[in-house]
Amino acid sequence: MSVLFLDSRTIGAVVSLLYMLLPLGVWFILRKQDERIRLNTWVAGNVAGGLFISLATLGYGVPLTTGVLLISIALGFAGTMLRALAMHHHLGHPPAWPQMLVGLAVLMLGFEIARRTSLEARVLYVVVVLLLGTLWLTTVAHRLAVRHGSSSARAMSIAYGLVSALLLWRLWNITLGAGELPTLDRGANSMALTLAALFTAVFGNIAYIGITLERVHALELTRTLEVERISQAQRQSQAQSERLMSLLRERDEMLHLLAHEVRQPLNNASAALQSTRTVATEVQADLVPRLVGRLDRAQ
């Protein structure tokens, strides 16, 4: 009975499939919750990373041609950059495509120079660039965790931090350590990197789903609080309006009462003045105009 031996080559093939298939599930789950450009950027970054690992796995057995090698490295660099840009978008910074293309072109130029130098220089250059990329992803995820209190972003930061530590370990072995073969199909560090890539392929996408859903929940909570605030303001305004209407009714009732209380005495006084004026016309003729004038003013 044969036993399947899971070496770096076999695990790399599985990782490349996961990197390309899992993002499709992420897209299907988040297509109505996440912003389209951000979700597409994340999915494209994972697919590019999966293609990079797939081509690197093929290179274990058959040396890649120069063209395929350049495409593979470009996919690896672009995959990391796209994922970092998607995470930056969660921080409120939309992807800057021109700057990314310029950066990718500069990185590929540096790789071409390293490739023409030696195999060791080429491997060293790729490890350094990937290390910087994973540190970038780790930092962005950590900033997102601190700013929004996202536990999923914190978990993603830890996952990519682990990959960064393994890449740093490989860099040490290649430069200052005991020395390590420039291939990725043998060695404890190579196996650890492959397993870490498998871990991030699964956990990175799960964490991204968590980050997006946490953001959606936070937005819904904000909208709920805003609706409650507006509703409370409307209730307060309505209560104040009712108090004003009550005061207006009390004022009208008071004016009606005052009008009723004052009208009768005024009518009585007017009648008395009118009666006095009638009587005044019967007194001496020379006094009538003066008396009538004063009565009119009193009226």
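The values are calculated or read from the model by the stated rules, or taken from the named source; none is laboratory data. Keep in mind it's a predicted model, so treat the numbers as computed, not measured. So basically every Cβ, Gly included, is an ideal-geometry build from the backbone, and we count neighbours across all protein chains shown. SASA here: full protein model, heavy atoms, side chains in, ligands and nucleic acids out. Shrake-Rupley method; radii C 1.70, N 1.55, O 1.52, S 1.80 Å.
Restricting P23, P98, P94 to those that are within 29 Å of R147 (Cα to Cα), out of contact with any Cys (no Cβ under 7 Å at 6 or more places or on another chain) and not in a helix (DSSP H, G or I) reduces the list to P94.
Which residues, counting only those in segment 169-210, are basic (K, R) and at pLDDT below 65? R186 - this is the single residue of segment 169-210 that is basic (K, R) and at pLDDT below 65.
Before we move on, is S164 crowded, with 20+ Cβ neighbours inside 10 Å, more than 23 Å from G67 (Cβ to Cβ), free of Cβ contacts under 8 Å to residues at least 24 places away in the same chain and under 26 Å from the mean Cα position of the chain (by Cα)? Against the criterion (crowded, with 20+ Cβ neighbours inside 10 Å, more than 23 Å from G67 (Cβ to Cβ), free of Cβ contacts under 8 Å to residues at least 24 places away in the same chain and under 26 Å from the mean Cα position of the chain (by Cα)), S164 does not qualify. Of the numbered criteria (1) of a type in the set (V, I, T); (2) open to solvent by 50 Å² or more (accessible area, probe 1.4 Å); (3) under 17 Å from L75 (Cβ atoms), the one V102 fails is (3). You will find that of L225, L213, L287, L248, the residue that is surrounded by 10 or more Cβ atoms within 10 Å (Cβ to Cβ), at pLDDT below 80 and not charged (D, E, K, R) is L287 and no other.
Note on segment 26-38: residues that are open to solvent by less than 40 Å² (accessible area, probe 1.4 Å) and under 14 Å from A207 (Cβ atoms) total 3. Within segment 116-146, restricting attention to residues that are among the charged types (D, E, K, R) and modelled with pLDDT under 90, which residue is least open to solvent (accessible area, probe 1.4 Å)? Filtering segment 116-146 for residues that are among the charged types (D, E, K, R) and modelled with pLDDT under 90, the one least open to solvent (accessible area, probe 1.4 Å) comes out as R122.
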